[in-house]
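The values are calculated or read from the model by the stated rules, or taken from the named source; none is laboratory data. Because the structure is a prediction, the values reported are computed rather than measured. Please note that ligands, DNA and RNA were not included when accessible areas were found on the heavy atoms of the full protein model with its side chains. Shrake-Rupley method; radii C 1.70, N 1.55, O 1.52, S 1.80 Å.
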Amino acid sequence: MASKTAANEHHGFPWKHLIGFVLSIVLTLFALWIALETDLSMTWILIIIFGFAFLQAALQLLMFMHVTENSTKSNLTSRVQIGNILFAAFVAIVIVIGSVWVMTAGHAKHDKNQHAPKTENHENHGGGSEHDSGEHGSHE
Amino acid sequence: MAHAETHDPNTPLEYRSETGRLNILGFWIFLGAEIALFATLFATYMVLEHRIADGPSPGELFEVKSLLIQTFLLLTSSFTCGLAVHEMRRQNVKGLITWMAITLGLGLGFLYFEIEEFLHFIHEGANIGTSAAWSGFFVLVGTHGAHVTFGIFWVTMVLIQVAKRGLTPATSAKVFITSLYWHFLDVVWIFIFTAVYLMGMVMHNG
């Protein structure tokens, strides 16, 4: 698969593109339906819609961007391309999940300022306590 | 670059020059950096999305209709952009320019609805300075919109070059690189659709 020549599928009808497009639409609508019309728990909704998002990203990479194709006869370029994108995806996941975890998993409770009663109305852009408590419940 | 290379006649034009091959590989590596850039903006938004100060929450203002219009415009433009490259590889310049022009039209449509949506949010009292959540929102979604805007100019320039010079190893590599960029913007939008809009609406409803 990884070593096939680039041009092979570029004669005739672009089935690959059409299949990718139809699947993208189906995944988009299905994610919307799962998110808005089902009574699944927040955790399951998150798992399913993010699963669909990564699937759709993979579809774009494989069907439209030809990430597996090689510019020469060796399969070095496709390996570099795929390896680079997978590494970038890993970095992205670490940045996002890491940040959200550090900032919302309750570490803020150890901030000693939190125990002092609030004496002024000025809040640091929305650090209101009602949002804080809602947040802990709603995240993963 | 100068040395004659023997190639499978099936090798697409964009891979026939060394410059073309290296530019395409380099662009893939650039896309990796773009993924990291957008990841930091996603992380910022997701950390701050509950910090709404006295303003509305994002999920409160999102509308399914506007979201679906934007999503389908961009999704379809990614598809037509793929067809443009497909035509390019069949040496069909007219097909390439036609599909790319459709792609640009869909991209402009996306921008129109995105700007309209931003104006709607601002009208509802949510601008970039309203709260940390909205700052994160406008920076993330706005950076994506700025990329789309840049992409429209870029693709237009490359198409002018193709119209003038025809399909050469140099111009076809440029078309291929702009196509990678355009598909990448759709990939980013998929995650904005999921992490910003769907999650925002789910949290607002439940």
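Observations on the model:
- B:MET100, A:MET42, ranked by accessible area, largest first (probe 1.4 Å): A:MET42, B:MET100
- Hydrodynamic radius (Kirkwood) for the stretch B:1-157, which is based on Cα pairs only, to one decimal in Å: 18.3 Å
- Phi-derived couplings, Karplus 6.51 cos²θ - 1.76 cosθ + 1.60 at θ = phi - 60°, listed residue by residue for the stretch A:25-38: 5, 4, 5, 4, 5, 5, 4, 4, 5, 4, 5, 9, 10, 10 Hz, with x used for Gly and Pro.
- Accessible surface, 1.4 Å probe, highest first, among residues A:VAL22, B:VAL155: A:VAL22, B:VAL155
- When the surface is traced with a 1.4 Å probe over the full set of protein chains, A:ARG79 keeps roughly 150 Å² accessible.
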